[in-house]
1. I want to confirm something. Restricting to region 222-257 and keeping residues that are touching a Lys or Arg at 6+ places or on another chain (Cβ under 9 Å) and open to solvent by 50 Å² or more (accessible area, probe 1.4 Å), which single residue is farthest from Asp205 (Cα to Cα)?
2. Please go through region 135-160 and pick out each residue that is assigned to a loop (DSSP other than H, G, I, E, B) and touching a Leu at 6+ places or on another chain (Cβ under 8 Å).
3. Only one of His69, His102, His41, His98 is open to solvent by less than 10 Å² (accessible area, probe 1.4 Å) and either without any contact (Cβ under 8 Å) to a residue 12 or more places away in the chain or in contact with a Lys or Arg (Cβ under 8 Å, 6 or more places away or on another chain) (or both); which?
4. Enumerate the helices (runs of 4 or more DSSP H) found wholly within region 177-224, keeping only those where 2 or more residues are more than 15 Å from the ligand (Cβ to nearest atom) and under 18 Å from Tyr309 (Cβ atoms).
5. Looking at Leu304, Leu328, which is the one that is modelled with pLDDT of 95 or more and more than 24 Å from the chain's Cα centre (by Cα)?
6. For region 343-378, what are the residues that are touching an Asp or Glu at 6+ places or on another chain (Cβ under 9 Å), among the charged types (D, E, K, R) and surrounded by 14 or more Cβ atoms within 10 Å (Cβ to Cβ)?
7. Go through region 117-126 and give me each residue that's away from the ligand (no atom under 11 Å from the Cβ) and surrounded by fewer than 23 Cβ atoms within 10 Å (Cβ to Cβ).
8. As an exercise: evaluate Asp35 against (1) in contact (Cβ under 8 Å) with a residue 24 or more places away in the chain; (2) crowded, with 17+ Cβ neighbours inside 10 Å; (3) out of contact with any strand residue (DSSP E or B) (no Cβ under 9 Å at 6 or more places or on another chain); (4) not hydrophobic (A, V, I, L, M, F, W, C) and give the number of the one condition it does not meet.
Amino acid sequence: MLPAALHPLAADPAQTRGRRFAEAPAPTRSDFQRDRDRIVHSTAFRRLVYKTQVFLNHEGDLFRTRLTHSLEVAQLGRSIARSLGLNEDLVEAIALAHDLGHTPFGHAGQDALHDCMRAHGGFEHNLQSLRVVDVLEERYPAFDGLNLCFETREGILKHCSRANAQALEADEPHGVGHRFLVGESPSLEAQLCNLADEIAYNAHDVDDGVRSGLITLEQVASVPLFDRFLRLALQAHPGLNGRRLLFESIRLMLSAQVYDVIDATRAAIADSGVDHPQAVRHAGVLVRFSPDMRADSAALKQFLLHNLYRHPQVVATMDSARRVVRDLFALYVAEPPAALTRRDGDSPERAVADYIAGMTDRYAISAHQQHSGQSLFD
Ligand code: MG
């Protein structure tokens, strides 16, 4: 099948707002394709394989990690982008990079690091993802970071506090912090990645949650959205059970959510009357679920929050994870390790936060064990 024509509101690499350091164009790749390639070759990207999504990496071989999560977001994002005529390469670049700034141990790690950094500017994983691609990757002779296009960087910075946006704006006027200060929306491709992220983690956390035994299929069936597809799966395949029933229900749910986004977004774009990519910025969020699917997705998210993310076993692991991050932070501030790099203008605490955020789960666990003599994860 020939690729569909790009939508007039799609991001066009020929119209990119460019890179912070000028570079000659690549002979065979667009700027967004080049960004995607740089991300795949980065050190931070490879580390995602050993970073927690919900389950710690060593808890099982078959659960999602940040890497497989990012690949699923890219797949869903590209699939929707293709139907809508949005720029698939930009979507893929943003999706693959969106979690690069995650600490070890998922949100527990980030919360602990934010607590440690409270008096030193805080720690926020979206901002850290941007910091990874702007500053922390050391691959090129002429500049720090990966020198990505504005559009890719803008998509990576999904949320940003006002204080952080002001700091970014001071450093880069009218840059990626600007939209948070004036209440504008990012590109449609960036909006799509946010939604693809939500679709991906809701679905794969149901999958991992049930296969881990922490939640049951019967429990998930109390969520109307899931129940609908469970019934459809059973209707089409009477007697189906176990993993195949779980997978088939999730597959149907994912497809329905993808089609819902495509239809609702097409309608929202048509209703908005927006006719130019720049006008997208003033039109609110156009890449969306229908109101019914929005409510259904929110209910599934609540279910996962109460039954999986707050499951006593997950909470106990995450308490240990917080302790590892806190202990390592205190240790490294007192005694900076040889491998720690402190960049000009950064506080010693920021250098430690960068160092810890870059760790994989297992590296952090073994560093903690080595220094404390205690094993918190057996
Ligand atoms: Mg994500």
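1. Going through the qualifying residues, I end up with His237.
2. Restricting attention to region 135-160, the residues satisfying the condition of being assigned to a loop (DSSP other than H, G, I, E, B) are 137-148, 157-160.
Selection gives Glu137, Arg139, Tyr140, Asp144, Gly145, Leu157, Cys160.
3. Details: His69 fails: either without any contact (Cβ under 8 Å) to a residue 12 or more places away in the chain or in contact with a Lys or Arg (Cβ under 8 Å, 6 or more places away or on another chain) (or both); His41 fails: open to solvent by less than 10 Å² (accessible area, probe 1.4 Å); His98 fails: open to solvent by less than 10 Å² (accessible area, probe 1.4 Å).
Just a single option satisfies the conditions, and that option is His102.
4. Numbers: elements: 178-182, 188-212, 217-220.
Per the criteria, 188-212, 217-220.
5. Values: Leu304 fails: more than 24 Å from the chain's Cα centre (by Cα).
Selected residue: Leu328, the only one of Leu304, Leu328 that is modelled with pLDDT of 95 or more and more than 24 Å from the chain's Cα centre (by Cα).
6. Asp346, Asp354, listed by residue number.
7. Taking region 117-126 as the starting set, the residues that turn out to be away from the ligand (no atom under 11 Å from the Cβ) are 117-124.
Residues satisfying the conditions are Met117, Arg118, Ala119, His120, Gly121, Gly122, Glu124.
8. That leaves (3) as the condition not met.
The values are calculated or read from the model by the stated rules, or taken from the named source; none is laboratory data. A quick note: this is a predicted structure, and the numbers were derived from the prediction, not measured. Ideal geometry is used to build each Cβ from the backbone, glycine not excepted, and the neighbour counts take in all protein chains shown. Each accessible area value is taken on the protein alone, full model and side chains, heavy atoms only, with ligands, DNA and RNA left out. Shrake-Rupley method; radii C 1.70, N 1.55, O 1.52, S 1.80 Å.
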